[in-house]
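Data first, discussion second: the structure below is written as structure tokens.
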Amino acid sequence: MDDRQLFALVARKVPVIWNAVGPASLNPQPLPPEPPPSAIDPLNPQPLPPGPPPELYGVAVGQELLRLSWQADTLGYDLSAASTWAVNPTPGAAPTLPPWLPQVSEPNNAWLVGYYLGLACVLAVAPEPATETSYAVQAFRQAVDALGAVSAAD
């Protein structure tokens with residue numbers, strides 16, 4: 001089973017991942033622009049939703065890791081080994097997220113499983129040049145190991 005078949009299997013079980021990663025990975029065409037912020041009514045009396053699903057956090061971080069890997073490779077820099085961000089995930093402790101993502105204070109194990117699942121999926125279905133770097137391969141392995149560690153903690 002190759003990575004794309006595995007991704008299709010996971011995406012059937014977790015549709016959020018398919019919506020975030022699937023269409024672009026199988027048919028890389030630009031997405032239509034989102035509506036401008038002025039089109040959103042700021043006085044909507046409805047309560048705010050609980051935030052994006054954890055899989056989308058993993059997808060965003062995975063895309064940033066691939067961009068970093070590509071940029072370093074393009075500039076001729078050798079990235080050092082991926083940090084220990086995912087080697088020993090602590091249940092209940094939030095992973096380090098980029099500052100532009102909404103921070104999660106105390107995620108539960110189900111949130112961490114979704115996060116690492118999204119991260120592993122986006123690294124698995126990345127185009128070939130991006131996944132050939134040792135940094136991307138190590139990041140994928142760490143995400144899978146972290147997913148296994150968090151799942152085992154349940």
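Worth pointing out:
- Screening region 58-84 for residues that are in a helix (DSSP H, G or I) and among the acidic types (Asp, Glu) and picking the one that is modelled with the highest pLDDT gives 64.
- Among residues of region 67-78 that are in contact (Cβ under 8 Å) with a residue 24 or more places away in the chain and surrounded by 11 or more Cβ atoms within 10 Å (Cβ to Cβ), those with a Cβ under 9 angstrom from a residue that is assigned to a helix (DSSP H, G or I) and not hydroxyl-bearing (Ser, Thr, Tyr), sequence gap 6+ or separate chain, pair up as 69/130; 69/136; 69/139; 70/129; 70/130; 70/136; 73/129; 73/130.
- Close Cβ contacts (under 9 Å, 6 or more residues apart or on different chains) running from residues in region 115-136 that are on the phi > 0 side of the Ramachandran plot to residues that are at pLDDT 90 or above and not in a helix (DSSP H, G or I) are absent.
The values are calculated or read from the model by the stated rules, or taken from the named source; none is laboratory data. Source: prediction; values computed, not measured. No Cβ is skipped: glycine too gets one built from the backbone with ideal geometry, and neighbour counts run over all protein chains shown.
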